[in-house]
Amino acid sequence: MKEIFKEWVPEWLIKLILFSCLMPSMVLFFLPGANIQVTAGYYGSQPSDVQFLIILFYAGFVGFYILERRFFLFFPVKQYYVIFNLLQILNCFLMYWITDITWVYALRFLQGMLFASAVNYPYR
């Protein structure tokens, strides 16, 4: 990790920065499953549809995991992090504005792909 940060940055600050950068993605990982009834009510769907959204998230994560390593090779770490977090923010806004569950299926799969890119980059 030291090659990403300046040499004067202490180890504890590096861990704190990485934790605070990864925390929003980790919250998106479990948030829709925290209260399935409320999520189903928001989208006007069945609870089984919300559970399927969780499965789609995992499918996006696993499906993009190998491909994500290739993307990482073409971008510097900071640029890579900014691009994928901006895409994550855009995806969150779209999931908030769109209430049709069929569109949310695609957005949740995309969110799993973006999650893979957000949580995998520091461990190279």
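The values are calculated or read from the model by the stated rules, or taken from the named source; none is laboratory data. Note that the structure is a prediction, hence the values are computed from the model and not measured. Cβ sites come from the backbone with ideal geometry, for glycine too, and all protein chains shown count toward neighbours. Quick note on the areas: whole protein, heavy atoms, side chains included, nothing else; ligands and nucleic acids left out. Shrake-Rupley method; radii C 1.70, N 1.55, O 1.52, S 1.80 Å.
Points worth noting:
- If the condition is being loosely packed, with under 12 Cβ neighbours inside 10 Å, farther than 17 Å from residue 98 by Cα and among the small types (Gly, Ala, Ser), then the stretch 25-56 contributes 34, 48.
- Among the residues of the stretch 50-60, those identified as under 13 Å from the mean Cα position of the chain (by Cα) and more than 16 Å from residue 95 (Cβ to Cβ) are 58, 59.
- Residue ID - nearest to the chain's Cα centre (by Cα), chosen from residues in the stretch 7-24 that are open to solvent by less than 70 Å² (accessible area, probe 1.4 Å) and closer than 20 Å to residue 112 by Cβ: 22
- Given (1) over 13 Å from the mean Cα position of the chain (by Cα); (2) within 16 Å of residue 111 (Cβ to Cβ); (3) small (Gly, Ala, Ser), index of the condition residue 40 fails: (2)
- Residue selection: residue 58 fails the criterion of being touching a helix residue (DSSP H, G or I) at 6+ places or on another chain (Cβ under 7 Å) and at pLDDT below 85.
- Residues (open to solvent by 20 Å² or more (accessible area, probe 1.4 Å), of a type in the set (Val, Ile, Thr) and over 13 Å from the mean Cα position of the chain (by Cα)) located in the stretch 68-124: 77, 98, 99, 101, 102
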